[in-house]
Amino acid sequence: MKGPSIAKLRWRLTSLRSWELPKQTGALAPPHVWTNRDMDPTPIEDQTWDTWNILAYWATDTINLATWQTASAILAVGLSWREAIPIMIVGNFCVAVPLVLNGAIGAKLHVPFSVIATSSFGYYLRYFCIVSRAILAMFWLGIQGANGAQCITIMLRAWAPSYNEIPNQLPESAGITTQGMISYFLFWIIQLPLLLIHPTKLRPLFWVKLVAAPVAAIAMMGWCIKKAGGGGDIFALRATASGSQYAWLWLTCMSSVTGNWSTLAVNIPDFTRYAKSARGQYVQLPAMPIIFTVCGVLGIVTTSASKVFGGEYLWNPLDILAIWLEYGAGGRCAAFFAALAWYIAQVGTNITANSISAANDLTVLCPRWINIKRGCIIAAVIAGWALVPWKILSSAQTFLAFMGGYAVFLGPIAGIMVSDYWLVKKTHIDIPSLYNPDGRYRYVGGCNWRAAVAFIVPVAPLLPGLGLSISGPGAVHINAGLTNLYTFNWLFGFVASIVLYTGLSYAAPAKTTLLKNTIWDLDDTAVEAQIREDDFGAEKAPGADASEKIRKPDAKSLVKDPEEAL
């Protein structure tokens, strides 16, 4: 394979234009607006995800260290497993509803979240949503990487026990030891090429994690139960809270569960845009709560058994693997492969929940220079090193409280998108106008004031509660009503924004955006399409050709003139 010439390398290093991406040929955007292939509607050859892939996606996303430990927070506040299980089911079902509703937009229109947001927020106001989501994704990309570095530590200790004796050469202010920095660097550098896998090529990773992580989790649970001689005493525990305190604790924990996935409720179109069928993504509604709850229950049982032989509840599965290291060569071998499985689980979650999301957002922010692959590299560098995630974990508890409370802002964004597509636009969108700053989704100066009001009104009463969670009762004093309202912040913001946006859109409609049909192309042209197989592989139209010409509705049935709008 011929490498780049010296002249080309010199050009790359000295000219910014050498990094410019080619403008997508035949893009829907007007000539003066730059787009690239990753920003434009997904071509048919890349629409490869079926129901099984979506199931594997959720198994990949939910089976990780954080999900395993979710029940710990519920039991720690005074509730029991009897509350933890329904809280996980109800909380995940609540967030699965917007996941399905917003996922359907991507599955039908095949465009990413950052483009879809134009319809509801306006061409320029959408950048607030995009930047917010990109920043959040990069912070969590780094934080999850810092957590995942513990897997590397276990593997290296299993392979070479002397790794645990590396002297620390870093000052305490660094927030990390020399051993931790080595493990973190190895995690980051091994993860980097995996982050560059295009979403259409992720299926093999899904299946590897779908096998590795559950096997490791079940094996750990089995070992703990055998060593403890049973499942421990956790299933005999009762909730210590009662009355109104019990009710608010229940809601608080449920809000914590929904907050874990509030980001994906917004940007799930980044993945469903690759779906073969718009119907395939509806499997998320039952699958996501079930998978999350099963993983949480495994964590509860394993943790309960660990107290019998460990003297305390071991909520982090890697703490159990550290015990395995003391059981000779066989124990170290088991610990190595179990840590490898958790490493795969952590990387899989980082790819699907954080890296691709940030890359899609950066693609729309800088389409001339950034595509998904470059976006993943930029996000990895910023998240992995510029944000110093290990220091955040070691010293910035208030910042982590703010990150957890970010659902305050994401709930209204998800609600506005749901309301706009399903209740206001009736699923009919002008796709070319999503790329046009002067198109029908310009609203007033590029901002939809209805979306702005529907966002600000639910967020405002939640800000005092967010301040309390960050600074504590010593610095912030608010009444009990605002405190209790914050306990279900995401659900309040989601529902309130739907009511407000729908009401404002019907009271003062943006008539030029209300269509009778979906507008797919700039003109009435035939497009190549494939006869899709159904979600489980059976043909929908037996005997039909593998591909055919399908014409979109003729120009008379499309509402392209604002005067023809409802």
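The values are calculated or read from the model by the stated rules, or taken from the named source; none is laboratory data. Quick caveat, the model's predicted, so the values are computed rather than measured. Note that we place each Cβ from the backbone using ideal geometry, even for glycine, and neighbour counts take in every protein chain shown. SASA here: full protein model, heavy atoms, side chains in, ligands and nucleic acids out. Shrake-Rupley method; radii C 1.70, N 1.55, O 1.52, S 1.80 Å.
The set of residues in segment 115-143 that are crowded, with 24+ Cβ neighbours inside 10 Å, of a type outside the set (A, V, I, L, M, F, W, C) and part of a helix (DSSP H, G or I) comprises Thr118, Ser119, Ser120, Arg126, Arg133, Gly142.
Taking first residues from segment 151-164 that are closer than 12 Å to Glu326 by Cα and in contact (Cβ under 8 Å) with a residue 40 or more places away in the chain and partners that are of a type in the set (Lys, Arg) and open to solvent by 40 Å² or more (accessible area, probe 1.4 Å), the Cβ contacts under 9 Å between residues at least 6 apart in sequence or on separate chains come to Arg157/Arg332; Ala158/Arg332; Pro161/Arg332. Only a single criterion out of (1) at pLDDT below 95; (2) surrounded by 15 or more Cβ atoms within 10 Å (Cβ to Cβ); (3) assigned to a helix (DSSP H, G or I); (4) more than 27 Å from the chain's Cα centre (by Cα) is not satisfied by Ala213, namely (4).
Restricting attention to segment 199-209, the residues being crowded, with 22+ Cβ neighbours inside 10 Å and over 19 Å from Trp140 (Cβ atoms) number 1.
Which one of these is more than 14 Å from Gly296 (Cβ to Cβ), open to solvent by less than 40 Å² (accessible area, probe 1.4 Å), in contact (Cβ under 8 Å) with a residue 24 or more places away in the chain and not in a helix (DSSP H, G or I): Pro98, Pro30?
On the way: Pro98 fails: not in a helix (DSSP H, G or I).
Checking each option against the conditions leaves just Pro30.
When Ile392, Ile382, Ile416, Ile378 are checked against the criterion of being in contact with a Lys or Arg (Cβ under 9 Å, 6 or more places away or on another chain) and either modelled with pLDDT of 95 or more or more than 25 Å from Gly103 (Cα to Cα) (or both), a single residue qualifies: Ile416.
Looking at segment 189-198, can you tell me whether even one residue there is over 20 Å from the mean Cα position of the chain (by Cα), closer than 21 Å to Ala216 by Cα and open to solvent by 10 Å² or more (accessible area, probe 1.4 Å)? Checked segment 189-198: at least one residue is over 20 Å from the mean Cα position of the chain (by Cα), closer than 21 Å to Ala216 by Cα and open to solvent by 10 Å² or more (accessible area, probe 1.4 Å). Tell me whether segment 218-227 contains one or more residues that are open to solvent by less than 20 Å² (accessible area, probe 1.4 Å) and of a type in the set (Lys, Arg). No.
Could you tell me how many of the residues in segment 290-332 are outside any helix (DSSP H, G or I) and either of a type outside the set (Phe, Trp, Tyr) or open to solvent by less than 50 Å² (accessible area, probe 1.4 Å) (or both)? Total satisfying the criteria: 6. Do we find that Lys227 is of a type in the set (Lys, Arg), out of contact with any Gly (no Cβ under 9 Å at 6 or more places or on another chain) and free of Cβ contacts under 8 Å to residues at least 60 places away in the same chain in this structure? Spelling it out, it is not the case that Lys227 is of a type in the set (Lys, Arg), out of contact with any Gly (no Cβ under 9 Å at 6 or more places or on another chain) and free of Cβ contacts under 8 Å to residues at least 60 places away in the same chain.
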